[in-house]
Amino acid sequence: MNKLEIIDLKVEVGGIEIIQGVTLTFHPGQIHALMGPNGSGKSTLANAIMGHPKYKITQGKILLDGKDITHEKTNLRAKAGLFLSFQYPSEITGVAIGNFLRTAVNNLREQKYSVVEFHHLLKEKMAQLKMDSSFMRRYLNEGFSGGEKKRAEILQLIMLEPRYALLDEADSGLDVDAIKTVAEGINLVRKTQQEMGIIIITHYNRILEYLHPDQVSILYQGKIIASGGYELATRIEKEGFEPVIKNGHQRRIN
Ligand code: ADP
Ligand code: MG
């Protein structure tokens, strides 16, 4: 019963149907990689799951532990345990990371952290992520490098403790070392929060080498055209998306 189910979902953006009937199941404690070339609809699907108002669900359902959340507001989805990290995190001047995170975390919790308690916890988590604690006082993402932005997203993930985390291109625009740091952050979450289901969206195998996902699904032109285990991701690394796309196309014709 514990799962996040996407059932025959269709999503429209600006009057165009981008997601064209996607069915996927995400399980607690598993890493599910959602791959696909640029423009496949990966971010659209993630935004629709999180309830972004610009993404209109025209068909299908999203069920969290059997409960229909297809048309719930985003804040209620967050309270229910969904989290989305952005492909392009916004810079927010005047809002220090520490305050931002305390507000966000306390918003989701019955028992609120005091300023001192929270500070203590945040410092500990930042140390685990090898982030300098001076970052706490910096404005959210302002002047951050690509790698620092992604690490700030992982810090949010660790502090918010969602049940299902959608990580949209946590690796994009990063050099090899930064990808490794982000992957280590995700692996840390995996150890400390073993029940979390992680959905990692990427068009690139590199980060998956560190994460070894339990499941891999390929999205192309708004449809799932292939699914499998980690071997599917390694095949894409060697051969690109082309053979999988051709195969998927063949299957649809037959
Ligand atoms: P991916 O994340 O797989 O690269 P996206 O979900 O970002 O793909 O985009 C899928 C398609 O939807 C693209 O053709 C893109 O141009 C279109 N699209 C996404 N967001 C919008 C939007 N806000 N308005 C219009 N078209 C959009
Ligand atoms: Mg995207």
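The values are calculated or read from the model by the stated rules, or taken from the named source; none is laboratory data. This is a predicted model, so every value here is computed, not measured. Backbone-built Cβ (ideal geometry, glycine too); neighbour counts: all protein chains shown.
With away from ligand 1 (no atom under 16 Å from the Cβ) and within 17 Å of the chain's Cα centre (by Cα) as the only criterion, which of Gly173, Gly197 stands out?
The conditions single out Gly197.
Considering the stretch 34-79 alone, what residues qualify as being more than 9 Å from ligand 1 (Cβ to nearest atom), of a type in the set (Gly, Ala, Ser) and either surrounded by 17 or more Cβ atoms within 10 Å (Cβ to Cβ) or under 12 Å from Val22 (Cα atoms) (or both)?
Within the stretch 34-79, Ala48, Gly51, Gly60, Ala78 qualify.
Test Phe118 against the criterion of being more than 17 Å from the chain's Cα centre (by Cα) and either away from ligand 1 (no atom under 16 Å from the Cβ) or not aliphatic (A, V, I, L, M) (or both), and give yes or no.
Yes; evaluated as a whole, the condition is true for this residue.
When residues of the stretch 36-66 are filtered for being more than 11 Å from ligand 2 (Cβ to nearest atom) and in contact (Cβ under 8 Å) with a residue 40 or more places away in the chain, how many remain?
Counting residues in the stretch 36-66 that are more than 11 Å from ligand 2 (Cβ to nearest atom) and in contact (Cβ under 8 Å) with a residue 40 or more places away in the chain gives 15.
Is it fair to say Gly248 is at pLDDT below 90 and within 16 Å of ligand 2 (Cβ to nearest atom)?
On the way: at pLDDT below 90: yes; within 16 Å of ligand 2 (Cβ to nearest atom): no.
Considered against the rule, which asks whether it is at pLDDT below 90 and within 16 Å of ligand 2 (Cβ to nearest atom), Gly248 comes out as no.
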